[in-house]
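Q: Pasting a structure here, questions to come.
Read the figures in this text as sums done on the coordinates, not as results from a lab. If you're wondering where the values come from, they're calculated on a predicted model, not measured in any experiment. Quick reminder, even Gly has a Cβ in these numbers, built from the backbone with ideal geometry, and neighbours come from all protein chains shown.
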Amino acid sequence: MESTAATASVPNLASYVRLDAQTWNTVKETSKARLSSLKPISDFFDRSRFGVPANVAVCRSRLDYNLVYFSNNYILIVIIVSAYLLFSNLALLLTIVYLLAGFKFISSLPHNQRTTLPGGLKVTPTQVWPVFAFTGFLFTWLSGATSTIFYMLAMSGMLIGAHAGMMDPPVEANFAEQQV
């Protein structure tokens, strides 16, 4: 009996993220499909296919092919760069935790009823939202979120652009284009 009560008190992910079962299953299936279709590391880092493009047209054709061919690998690169920047900016990580926890807390308060907060202050959720929005904006600004976002975009764009522009398409790609 006690184990059932203990597991019932532990909230699951569905209580924090209000998604129906069909949407959640679609997200899981899409994630599994993307992970299973990652190109092998030996193909992604094939040093024999790296080279400086002869001109802009060659670079453009490489970009067109590689951005489609390695799209899942590039998504993984963006996720890794984002995680690195998030964990290297502790203030931003704490701000995100504050925003998520605050949103969950305020959403759980009864609507249009006064609730006593720690310290004896009685408020309604309508009174708490503006304070939460202001402090969230302030913490986000102080943590340097915009510079982190632009740094992530620049870093990911340069890594992906350099890889896609310098990687020669495989020989099979030339034959696939001719068989149209």
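Q: What angle, in degrees between 0 and 90 and rounded to the nearest 10, separates the Cα long axis of helix 21-36 from the longest principal axis of the Cα atoms of the chain?
A: Tilt relative to the chain: about 30 degrees.
Q: How far apart, in nm, are two points set 7 Å out from the Cα along the Cα-to-Cβ line at Val27 and at Val171?
A: Taking the simple label geometry, Val27 and Val171 are separated by 4.5 nm.
Q: Quick check on the chain: helices-only [θ] at 222 nm, where DSSP H runs of length 4 and up contribute -39,500 (n - 2.57) each and the sum goes over total residues. Nearest 500, please.
A: After summing the helix terms and dividing by residue count, I get -23000 deg cm²/dmol.
Q: Using modelled backbone amide H atoms (1.01 Å from N, in-plane), which distant-in-sequence or interchain residues come within less than 5 Å of Thr115's amide H?
A: When sequence neighbours closer than 5 places are left aside, the close amide H contacts are Val123, Thr124.
Q: Using only Cα atoms and rounding to the nearest 10 degrees, what angle (0 to 90) does helix 71-88 make with the longest principal axis of the chain?
A: 50 degrees
Q: Run the numbers on the chain and let me know its relative contact order in percent, using alpha-carbon pairs under 8 Å that are six or more apart.
A: Value for the chain: 32 percent.
Q: Continuing with this model, one more query. Using a basic spin-label model with each label point 7 Å from the Cα along Cα→Cβ, how many nm lie between Ser108 and Leu38?
A: That separation, rounded to one decimal, is 3.4 nm.
Q: Tell me, what ³J(HN,Hα) does each residue in the range 145-161 have, in order and in whole Hz, if you take phi through Karplus 6.51 cos²θ - 1.76 cosθ + 1.60 with θ = phi - 60° and put x for Gly and Pro?
A: Those phi angles translate into 5, 5, 5, 5, 5, 5, 5, 5, 4, 5, 5, 5, x, 5, 4, 5, x Hz.
Q: Okay, moving on. Calculate the FRET efficiency for Leu121 and Leu90 from the Cβ-Cβ distance with a Förster distance of 25 Å, rounded to the nearest 0.05.
A: 0.30
Q: Cut-off 10 angstrom, C-alpha nodes, Gaussian network model of the chain. Which of Asn89, Asn25, Asn66 fluctuates the most?
A: In the Gaussian network model the winner is Asn25.
Q: Considering only Lys39, Lys28, Lys122, give the residue with the highest GNM mean-square fluctuation for the chain, with springs between Cα atoms whenever their separation is below 10 Å.
A: Lys122
Q: What angle do you read, to the nearest 10 degrees and between 0 and 90, between the alpha-carbon axis of helix 125-142 and the longest principal axis of the chain?
A: Helix 125-142 and the main axis of the chain meet at about 40 degrees.
Q: On to the next question. Distance between Cα centroids, the range 109-164 to the range 17-83: provide it in whole Å.
A: Distance between centres, Cα-based: 29 Å.
Q: Stokes-Einstein D for the chain at 20 °C, 1.002 mPa s, Kirkwood Rh over Cα pairs, in µm²/s?
A: Here the translational diffusion coefficient equals 102 µm²/s.
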